[in-house]
Amino acid sequence: MTLSNASHLSRGLAGLLFLLLAVFPCWAADRSGAAAKSGEPTDSKAQKTFANAKAWEQHRNPAAAVEDYRKANKQDGGHCAECIRRAYKLATGIGDYKNAEAVVRESLPAAESEAEKATLHYLAAAALQQQGINSKKEQCFSESCEELRFALQLRPDLVLAHFALGVSLAHLHQDDAARAEFTSFLDRDSSSPDLRERAGRYRERIELARARMAPPFSVTTLDGQHISLDSLAGKVVLIDFWATWCGPCREALPHVREIARKFEGQPFVVLSVSMDRDEAKWKDFIAANGMTWMQYRDGYFTGPVSTLFAVKAIPSTFTIDADGVLEDQHVGDASVEGKIKKLIARAVEVANHKPVVADEKSAGKLN
């Protein structure tokens, strides 16, 4: 079973990418002109280039699409919000954070409002933060902090910037300053329950802000449970992305069922996330196959949880330790049971306040 996006995911989840969807709509709304509602270019040449970029995107050539979206934005005088949105998301999606930063830099001179400038500085900070995570260069985190402070000067109500600033400061090991930013976020935010849980955990355990954390999310499962990832802290979590129409997923089902049965009653949960669009078929399949663990239907690859985990192919599985640190495994690999067993043992030791000797790999993820 292939975890095709693990490399990009592991590089990015400790940072800002899971916050961007909250920012882009506000950015587009700040744009003015004839195409304000769609954010698409109004210049005729730019419209043709924009169409070419969309075609590249449809043909799964994101690098070419990024270049044409950037070209279309230039032809439109730097006013094409949709060009920048698409180019930025595609660039970050393929791990090209330098290009993502360049996309934003090109748009800053044409920014017309303080709110728009603030959002662009925020997006530049996000790209810089990811570069810092990948390259482990302090300069990237320092520049990210500068961009975030610019954003907050221009737009004090951009509370997400406090969360992001806390992450960059934590990577710079300015722990007291990082805690202050997470506190600022918690004091000001009233609309992001998942991030509030995460910010609270980061404030209490600042080393987690430097870890390869799984993205925060919340879902309501088939049996009516409302769960968030951070509410499962202290438990090892196996997330299995699948669908009833996926042959390899059906082949893996007995193994997933066995894992759920084997570790029942221990600090461990399985969450199956379905790509099925047909709710009735999904429910019938679960009932017929005795899938008694937590079930959630995301609807397709464009669903909120699938998007957060950058899932492009199924079956894809993710193992998350009791701290929320992302581990990736292949469910088809028998060694996953041994890995889960070790993670559960560590979770039990922590719960019992016993000293834990982290292996070299685990220790590296928290540095």
Subject >> Backbone HN-Hα couplings from phi across segment 295-307 [Karplus 6.51/-1.76/1.60, Hz, Gly and Pro as x] >> reply: 10, 9, 9, 8, x, 3, 5, 8, x, x, 6, 4, 5
Original post:
Hey, what do the phi angles of segment 242-250 turn into as Karplus ³J(HN,Hα) couplings, whole Hz, using 6.51/-1.76/1.60 and θ = phi - 60°, x for Gly and Pro?
Top reply: 7, 7, 5, 8, 9, x, x, 5, 5
**OP:** Determine, for SER218, SER184, SER144, the number of other Cβ atoms within 10 Å of each Cβ, and report the residues in order from fewest to most.
**Re:** SER218, SER184, SER144
Subject >> For segment 321-327, 3J(HN,Hα) per residue [Karplus equation, 6.51 cos²θ - 1.76 cosθ + 1.60, θ = phi - 60°, Hz, x = Gly/Pro] >> reply: 7, 5, 8, x, 6, 6, 10
**OP:** Please work out the C-alpha center-to-center distance from segment 143-160 to segment 90-107 and express it in whole Å.
**Re:** 19 Å
Subject >> Order of GLU82, GLU138 under a 10 Å beta carbon neighbour criterion, fewest first >> reply: GLU138, GLU82
**OP:** Mind scanning LYS235/LYS339; LYS235/LYS341; LYS89/LYS117; LYS235/LYS281; LYS98/LYS312 and naming the pairs with a C-alpha gap bigger than 21 Å?
**Re:** LYS235/LYS281; LYS98/LYS312
Original post:
Given H placed on each backbone N at 1.01 Å, which residues far from VAL236 in sequence or on other chains put an amide H within less than 5 Å of it?
Top reply: PHE268, VAL269
Original post:
Taking other Cβ within 10 Å of each residue's Cβ, how do THR92, THR221, THR319 sort, fewest first?
Top reply: THR221, THR319, THR92
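Quick note: the coordinates plus some simple rules give every number you see, no bench work behind them. Note that the structure is a prediction, hence the values are computed from the model and not measured. Please note: Cβ atoms are built from the backbone with ideal geometry, for glycine as well, and neighbour counts cover all protein chains shown.
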